[in-house]
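A.B. asks: Take a look at the following structure, please.
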Amino acid sequence: MSVNIAIDGPAGAGKSTIAKRLASELGYIYIDTGAMYRAMAYYFLKNGIDSKDEEAIKQSCPKIDITIKHIDGEQVVILNGDNVNGVIRKEEVGKMASATSIYPAVRTKLVELQRQLASQESVIMDGRDIGTVVLPDADVKIYLTASSRTRAQRRFDQLSQKGVECDIEVIEKDIIARDEQDMNRKVSPLRQAEDAVLLDSSNLDIDGVVSAMKDIINDKINK
């Protein structure tokens, strides 16, 4: 029997990092829905499509094929036959993904693929609306969050380690703006599902979050 675990939360809460590790330790398939939205966003950027041009975006959707493969334990995102893992984590792609994920055509296409994957395997899926829209019947739902300052600090540290010059105030401002956009979009806004367990990671390291999530999962599955 397949088990579905949904992890939702705002940008920079550490959803992907935690979900990947949980999937590895629990033997589940990890599906990074954010990566799928980023792959679509990368297509729009590469083809010069404006984030405000809903009609052009709608017309582009049928031309986009996104698949997820697991190669040597790593999730690989394939966009129209090309591995795009190396480009979809760029800041401009993230902003484009947030701006274009509000459109029904984009969400409809990806939700269908995400549900198909979850029906076939035991999965851990993270995103903004997994527990509320994509997998409303998920066995376990967790809403992972952290303060905007904590999330900005984590992003600042990541970029600094890569030698990228950045300003933590600008990063936090960006995060707050993205939260506002994600929570107030008309289609599938970011919100905590009624039956989701809230987990604030502001004062936890990765090991602490993973441990807390394992406790939540064990409690829900073994009831």
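The values are calculated or read from the model by the stated rules, or taken from the named source; none is laboratory data. Predicted model, so just to flag it, every value in this text is computed and none were measured. Positions of Cβ are generated from backbone atoms using ideal geometry, with glycine treated the same way; all protein chains shown enter the neighbour counts.
A.B. asks: Just need a number here: residues in the stretch 112-130 that are part of a loop (DSSP other than H, G, I, E, B) and buried (at least 22 other Cβ atoms within 10 Å of the Cβ).
C.D. replies: Within the stretch 112-130, residues that are part of a loop (DSSP other than H, G, I, E, B) and buried (at least 22 other Cβ atoms within 10 Å of the Cβ) number 2.
A.B. asks: Let me ask something else about it. Out of the stretch 184-220, which residues are part of a helix (DSSP H, G or I) and free of Cβ contacts under 8 Å to residues at least 40 places away in the same chain?
C.D. replies: Once the filter is applied, which keeps residues that are part of a helix (DSSP H, G or I) and free of Cβ contacts under 8 Å to residues at least 40 places away in the same chain, the stretch 184-220 yields N184, D207, G208, S211, A212, D215, N218, D219.
A.B. asks: Scan the stretch 154-161 and give yes if some residue there is touching an Asp or Glu at 6+ places or on another chain (Cβ under 6 Å), touching a residue at least 40 places away in the same chain (Cβ under 8 Å), of a type outside the set (G, A, S) and not assigned by TED's automatic domain parsing to the domain that holds A99, otherwise no.
C.D. replies: Within the stretch 154-161, none of the residues are touching an Asp or Glu at 6+ places or on another chain (Cβ under 6 Å), touching a residue at least 40 places away in the same chain (Cβ under 8 Å), of a type outside the set (G, A, S) and not assigned by TED's automatic domain parsing to the domain that holds A99.
A.B. asks: Sort through K58, K69, K109, K95 and tell me the only one that's part of a strand (DSSP E or B), among the basic types (K, R) and either outside the structural domain of T150 (by TED's automatic domain parsing) or under 23 Å from I175 (Cα atoms) (or both).
C.D. replies: So the residue among K58, K69, K109, K95 that is part of a strand (DSSP E or B), among the basic types (K, R) and either outside the structural domain of T150 (by TED's automatic domain parsing) or under 23 Å from I175 (Cα atoms) (or both) is K69.
A.B. asks: Just wondering, is there one or more residues in the stretch 162-176 that are in the same structural domain as V3 (by TED's automatic domain parsing), outside any helix (DSSP H, G or I) and surrounded by 13 or more Cβ atoms within 10 Å (Cβ to Cβ)?
C.D. replies: Checked the stretch 162-176: at least one residue is in the same structural domain as V3 (by TED's automatic domain parsing), outside any helix (DSSP H, G or I) and surrounded by 13 or more Cβ atoms within 10 Å (Cβ to Cβ).
A.B. asks: Also, I was wondering about something else. Suppose we filter the stretch 26-52 for residues that are surrounded by fewer than 20 Cβ atoms within 10 Å (Cβ to Cβ) and hydroxyl-bearing (S, T, Y); how many remain?
C.D. replies: Residues meeting the conditions: 1.
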